[in-house]
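Taking it in order: structure first as C-alpha cells, then the write-up.
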C-alpha cells in the first residue's frame, strides 16, 4: 500500500499532515510518497483564492490552525514571514531526493516544516535551507547550485501537472489506491480507511 | 450557551450537521438558533465557486459525502435534483418560525433535510414543502401565501447579510460565544470546545 502525499511548504495544514503521515502509514504497513506542490498552481482549476488574500477566511483559518495545534499539542510558532508563497523548499527537496535518496529528502522536508512552523524560521531564505541541508550532511555548494538547476525547476512544475492530473486541487491531499483524502481534517477518515483495507487484505 | 447554526438546504454537509446539532447541543446544555442562509450569497465574499460547478471538486465532494455518510451510518439517498440552488425551503422555514414558533420551524427544517437527502424527494417543489408543512399541522393556503410574502423574502436576504457580518463565509457554520466552527468536519472540535467550556463554567 502506497500513500501519495501532496503538500505545499506554504500550507500550515500541510505541516500538521507532514508530522503525522509517516507514523500513520507505518501503523498500517503503508509507504508514503512525498510530493511537494505549489498550491496556487492547483487552485487555478477550482478558482479558489489562497486563503491569506481573503481577510474573513484567513482570520478563520489562522484561528482554526491554532485551535488544531492546541488540541493535538502540535508545536505551532510560525515564522513572521508566514503566510507567503514558497518555491525554493519544494525545488530543494526534489534536488535532495535526486542526489541523496528518498529518506534524506523526507528528513529535509520535515526539518523545513519544523523550522518554519515551530521554530519561526523563514524557509524562503536560502541560507536557512542551506543550513538544513548541511545539517543532513549534504554538500552546500552542490545544494545551492542544484536549487537553480533548470531540470529541477521543470521537475517541480511537472509535479504540479501530475498532481492536477490525479485530481489534486488542494493540500494536504492523500491518495491511497485511488481513494482521495483532501485536508488534514480527513486524516481520521484516512486512518479508518487504511484499517478497513488491511482487514480485507 | 447558544449555538448559532448557519446552514443551506442545498448543502449535503448542512444535512449531516442538521442531524447532529440538536443532540450535540443538548448534551452540553446549549440551545441552537437555526439560521437558513443562501451559500452562493456568502461565497461572493471569498470568491469560492459552488462545488457543483467545478467538476474535479464536485467529484471529490460527492465521494467524500458518501464516505462520511457510510462511516457514520447516516441515511444518504439524495433527490435526483441534487445539487441545485434552493431558496423556497429557507423562506418557508422563516415563515413557519414567524407563525408557529421555533420548535415547529426546526421540525420543518429537519423534515426538509430528511426528505431531500434521505428520501430522494425534491424540496424545490412547493407541493412537497406544502406536504411537509401540512404534516406538521400547518394550514396549507396560509403557508403557500407566506412563502411569497415580500416581508419573508427580505427577511431571508437580511439573514444572509447578518451572517456575512458575523464572518460566516461557508456552511455549515456554527458560532458558539464568538468561537467559529466552519464545516461538518469541525463538529468534533465543537464538541470538545463545548465540553471544555462547561468545565470552566
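The values are calculated or read from the model by the stated rules, or taken from the named source; none is laboratory data. Since the structure is predicted, the reported quantities are computational estimates derived from the model, not experimental observations. Note that each Cβ is placed from the backbone with ideal geometry, even for glycine, and that neighbours are counted across all protein chains shown.
None of A:118, A:88, A:98 is closer than 16 Å to residue A:36 by Cβ, touching a residue at least 12 places away in the same chain (Cβ under 8 Å) and surrounded by 15 or more Cβ atoms within 10 Å (Cβ to Cβ) except A:88. Checking A:26, A:73 one by one, the residue that is out of contact with any helix residue (DSSP H, G or I) (no Cβ under 8 Å at 6 or more places or on another chain), under 25 Å from residue A:196 (Cα atoms), surrounded by fewer than 21 Cβ atoms within 10 Å (Cβ to Cβ) and free of Cβ contacts under 8 Å to residues at least 40 places away in the same chain is A:26 and no other. Applying the set (1) farther than 16 Å from residue B:9 by Cβ; (2) modelled with pLDDT under 95; (3) in contact with a helix residue (DSSP H, G or I) (Cβ under 6 Å, 6 or more places away or on another chain) to residue B:41 leaves exactly one unmet item: (1). Just so you know, in the stretch A:69-103 the residues that are under 18 Å from residue A:120 (Cβ atoms) and not in a loop (DSSP other than H, G, I, E, B) include one that is farthest from the chain's Cα centre (by Cα), and it is A:70. Just for the stretch B:162-183: of the residues that are more than 10 Å from every other protein chain (Cβ to nearest Cβ) and touching a helix residue (DSSP H, G or I) at 6+ places or on another chain (Cβ under 7 Å), which one is farthest from residue A:71 (Cα to Cα)? Only one residue fits best here, namely B:163. Of note, residue B:159 does not satisfy the criterion of being within 12 Å of chain A (Cβ to nearest Cβ) and either closer than 23 Å to residue B:113 by Cα or in contact (Cβ under 8 Å) with a residue 24 or more places away in the chain (or both).
Filtering the stretch A:186-199 to residues that are surrounded by fewer than 20 Cβ atoms within 10 Å (Cβ to Cβ) and facing chain B (nearest Cβ under 10 Å) leaves A:188, A:189, A:192, A:193, A:196.
Answer yes or no: is there a residue in the stretch A:42-61 that is crowded, with 18+ Cβ neighbours inside 10 Å, within 15 Å of the chain's Cα centre (by Cα) and within 14 Å of chain B (Cβ to nearest Cβ). There is at least one residue in the stretch A:42-61 that is crowded, with 18+ Cβ neighbours inside 10 Å, within 15 Å of the chain's Cα centre (by Cα) and within 14 Å of chain B (Cβ to nearest Cβ).
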